[in-house]
Amino acid sequence: MKRDIISKIGIHLLLWIILTFFLLYLYYDDKSPLFQQFIATLVVTGFTSLPAYYTSKVLVPKTLYHRRIRRFIGSILLVAFANTILTYLIAGELYYRLSGKPVFTNPVYILTVSSFLFIINCIVIGISSAIQIITDRFGMEHQLHEAQNEQIRTELSYLRAQINPHFLFNVLNTIYFQINKENSEARNSVEKLSELLRYQLYECNTDMIDISKELAYIKNYVAIQQLRMETGTDLQVTIPADMGHFQIAPLIILPIIENAFKYLSNYKDSSQNKLYITIYNEPDSQIMVKVMNTYSDNTKQLDNSNGLGLKNMERRLELLYPGTHSLAKKRNGNTFEVTLKIQKHD
């Protein structure tokens, strides 16, 4: 904040110094002392700054920003005219006493100098107004950008908060039905659950995470879901052992896989229940996720589902990968396939 203030002060000082030397160059008289002429020119510059700051700080926000264009232009001309007379009478007399160069000679000279001062006032007022408008515009854009970022951070935190309890409820429900089974399976489920909890509580606190950790989480999730599936179910998970190292939004893929388990068919012949999960790298720096599952009479799946997890996923994709992702859904007989492509983040 202090650096911005110092920068603004520096820019204003530089502009006034440039104007001072410009006026000194125009009015310089080699027969008069340079120092006195410089001081006198500084006085003229000081008078010129009055309408400039009044316009930029008062007229611009109170008239121009309220679209009172005629009033703004009329006020500028009036201020420039009044300051021209003031400058000529007061600063001109002071200029004469310091530099010895007369400014009250004949009507033609007075009209010429006055016209020049009026033009200078208008130019300085215009430049100061333009600087104020640009500064305000950048300030508003910065505030808007910060507000949008804060809204996105808040919204993402809210979406994650919805995802975690929803998923934990499903996992705990699965473990509940395993209580009466062999203790080894229950212990395995609890172990997997602890790994999932650790990932959600300690690893997902950042906007991006390494793909290897995200895939390990997905494998643990599939392992837990597999414990409650009918024996003989055709479950195939194809994920390369090494996907490389790149960043991805945590829990961005899970809703598709979770939805596939939720709507997986329940045929008596368990071999007809199919769920294929394929994740791999595309040559064009994209990660490809394909999930296909069979379903019975569940016609409301991903494309029409009211589930929070799926809506959150699509919203997060819009926020985190705008224009760099694609989501395709396809029905074919009793199978439903979802294809997600996401541009990799370094």
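Phi angles of region 44-59 translate, via the Karplus equation with coefficients 6.51, -1.76, 1.60 and θ = phi - 60°, into HN-Hα couplings of 4, 4, x, 5, 5, 5, 4, x, 4, 6, 5, 5, 5, 8, 10, 5 Hz per residue; Gly and Pro are given as x.
So if I take the centroid of the Cα atoms in region 275-292 and the same for region 57-79, what is the distance between those two points in Å? A separation of 60 Å, based on Cα centres. Each Cα pair under 8 Å and six or more residues apart adds its separation to the average, and for region 212-293 the resulting relative contact order is 33 percent. Over 30 Å apart at the Cα level, from the set 268/344; 192/268; 213/262; 268/341, are 268/344; 268/341. Judged by the mean number of other Cβ atoms found within 10 Å, the most tightly packed of the peptides 216-228, 55-67 leads the ranking 216-228, 55-67.
Laboratory data are not the source of any read-out in this text; all were calculated from the coordinates shown. All values reported here derive from a predicted model rather than from experimental measurement. With ideal geometry, Cβ positions are generated from the backbone for all residues, glycine too; neighbour counts draw on all protein chains shown.
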